[in-house]
Amino acid sequence: MCRDLGGLVEAVLSYACPSSESGAAAVLTKITAAQVREMLAAPPAKDTSLFDVLLPRFALRVKPSRRPGGRPAAWYFVRYTAPDGRERRIKVGNPGTMLVEEARKAARAVLAVVDAGGDPKATQERVRAAPGPPSCRFRLLCLESVAT
């Protein structure tokens, strides 16, 4: 996936995709459908994040299965800095049900909100904390998006 080019890869990785989890691996690459299939078919031995070179701040994370022979946990996410300065991550899709291009499109929508000064993770947390059944929370999210 990633070859060492005289320390260049490590320098770019440390800037573009720092890994805050201990023991996790981070790789800067173009995420392709073939890579996703390969990662899901033969999951890595440790938590791994593939950061996309086509769309910065977009990544695929794959965690090994807890059970031998089980399916790995995997999801697409966006990593961004919130207006308050905190690093945030928000899931944008599941590689088992979503193509890479669809996930990139969803990530672009999230990043458009972020670049406009919003915090989609804070909105998600506020909606989840709202009282009532999920249908009411969805309505709250719709009303918030129309108001902004």
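Read-outs throughout are calculated quantities, based only on the coordinates presented, and are distinct from any laboratory measurement. What you see is a predicted model, and the numbers here were worked out from it, not measured in a lab. FYI the Cβ positions are ideal-geometry reconstructions off the backbone, even for glycines, and counts take in every protein chain you see.
Could you sort 44-55, 64-75 so that the peptide with the highest average Cβ count within 10 Å comes first and the rest follow in order? Could you put the intermediate results ahead of the total?
Numbers: 44-55: 17.2, 64-75: 11.8.
For the peptides 44-55, 64-75, the packing ranking is 44-55, 64-75.
Within a straight-line Cα-Cα reach of under 20 Å, Lys121 can be paired with the following lysines, leaving aside sequence neighbours fewer than 8 residues apart in one chain: Lys91, Lys105. In terms of its Cα atoms, the stretch 8-117 spans 43, 29, 25 Å along the principal axes, sorted from long to short. Taking amide H as placed 1.01 Å from N in the peptide plane, Leu28 has its amide H under 5 Å from the amide H of Phe51, each at least 5 places away in sequence or on another chain.
With a cut-off of 12 Å between beta carbons, the residues surrounding Arg57 carry a summed charge of +2, where Lys and Arg count +1 and Asp and Glu -1. Its Cα centre serving as origin, the stretch 8-117 has a Cβ charge dipole (Lys and Arg +1, Asp and Glu -1) of approximately 380 debye.
For the pair Ala130 and Leu54, label points projected 7 Å from Cα toward Cβ lie 3.4 nm apart.
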